[in-house]
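Here is the structure we will look at.
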2 protein chains.
Amino acid sequence: MAQLVVMYKTPKDPAAFDKHYFATHVPLAKRTPGLRKYEVSKGPVGTPAGPSAYHLIALLHYDDVAAIQQAMASAEGKAAVADLQNFATGGVDILIFDTRAV
Amino acid sequence: MAQLVVMYKTPKDPAAFDKHYFATHVPLAKRTPGLRKYEVSKGPVGTPAGPSAYHLIALLHYDDVAAIQQAMASAEGKAAVADLQNFATGGVDILIFDTRAV
């Protein structure tokens with residue numbers, strides 16, 4: 001399996017972020033081809049030392065990194081990426097990697 | 001469920017990191033109480049724009065954030081945290097959050 005981890009830094013208006021994220025962005029991202037599972041953080045995103053700089057973390061699961069690249073290159077993926085500017089006002093960090101259980 | 005995401009920045013000696021991580025750190029972390037699943041990145045950790053600053057990402061699954069806090073406060077958790085200085089020479093970012101499927 002592989003993970004697309006999308007880490008949203010705290011936005012200017014968290015309530016507006018949440019409204020747009022769940023009403024608009026999640027449906028867009030769910031349309032990307034090859035998506036197997038989609039999880040989001042629930043409640044605060046912390047660190048061992050206290051609060052983090054992040055408001056929300058999304059974990060999107062695909063079969064492998066090639067599938068993530070294909071998803072992002074698809075029309076649906078481009079629409080989801082283009083939508084980021086509509087709500088991700090704090091900035092966003094994205095990581096892509098294959099995974100294996102240990 | 002909840003996630004403990006451990007993001008290791010590229011260390012000074014990646015081969016030494018990998019050797020210590022899999023031979024010593026994984027067995028220590030696996031002993032933490034409440035651990036349900038343990039995944040690591042396989043191959044490079046990328047971003048949509050190219051390589052990331054990270055060498056390895058670990059995804060440790062527990063029932064909830066309270067279980068993660070209990071795991072980190074346990075003797076086994078303290079041993080795993082104390083071991084970080086033995087190999088995580090590039091630094092480490094840690095995030096803790098509950099998750100839900102969307």
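Values quoted throughout were computed directly from the atomic coordinates according to the rules given, and no laboratory measurement underlies them. A quick note: this is a predicted structure, and the numbers were derived from the prediction, not measured. Here Cβ is always computed from backbone atoms with ideal geometry, including for glycine, and neighbour counts include all displayed protein chains.
Looking at (1) on the phi > 0 side of the Ramachandran plot; (2) surrounded by 18 or more Cβ atoms within 10 Å (Cβ to Cβ), which one does A:G50 not meet, given that it meets all the others?
It is condition (2) that A:G50 fails.
Just one of (1) among the hydrophobic types (A, V, I, L, M, F, W, C); (2) under 27 Å from A:V40 (Cα atoms); (3) touching a residue at least 60 places away in the same chain (Cβ under 8 Å) trips up B:F17, so point out which.
With (1) among the hydrophobic types (A, V, I, L, M, F, W, C); (2) under 27 Å from A:V40 (Cα atoms); (3) touching a residue at least 60 places away in the same chain (Cβ under 8 Å) applied to B:F17, the lone miss is (2).
Can you pull out the residues in the stretch B:52-67 that are more than 8 Å from chain A (Cβ to nearest Cβ) and in contact with a Ser or Thr (Cβ under 9 Å, 6 or more places away or on another chain)?
Hits for the stretch B:52-67 are B:A53, B:H55, B:L56, B:A58, B:L60, B:H61, B:Y62.
Looking only at the stretch B:79-88, decide whether some residue is without any contact (Cβ under 8 Å) to a residue 12 or more places away in the chain and within 10 Å of chain A (Cβ to nearest Cβ).
yes
Table: residues versus (1) within 18 Å of A:H25 (Cβ to Cβ); (2) more than 14 Å from the chain's Cα centre (by Cα); (3) of a type in the set (K, R).
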| site | (1), (2), (3) |
| --- | --- |
| A:A49 | no, yes, no |
| A:A58 | yes, no, no |
| A:A66 | no, yes, no |
| A:S74 | yes, yes, no |
| A:A80 | yes, no, no |
| A:D83 | yes, no, no |
| A:G90 | yes, no, no |
| A:D98 | no, yes, no |
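When only residues in the stretch A:1-42 that are in contact with a His (Cβ under 9 Å, 6 or more places away or on another chain) and acidic (D, E) count, which is nearest to A:Q69 (Cα to Cα)?
A:E39
Can you pull out every residue in the stretch A:64-80 that is under 20 Å from A:K19 (Cα atoms) and surrounded by fewer than 16 Cβ atoms within 10 Å (Cβ to Cβ)?
Scanning the stretch A:64-80 gives a single hit, A:A79.
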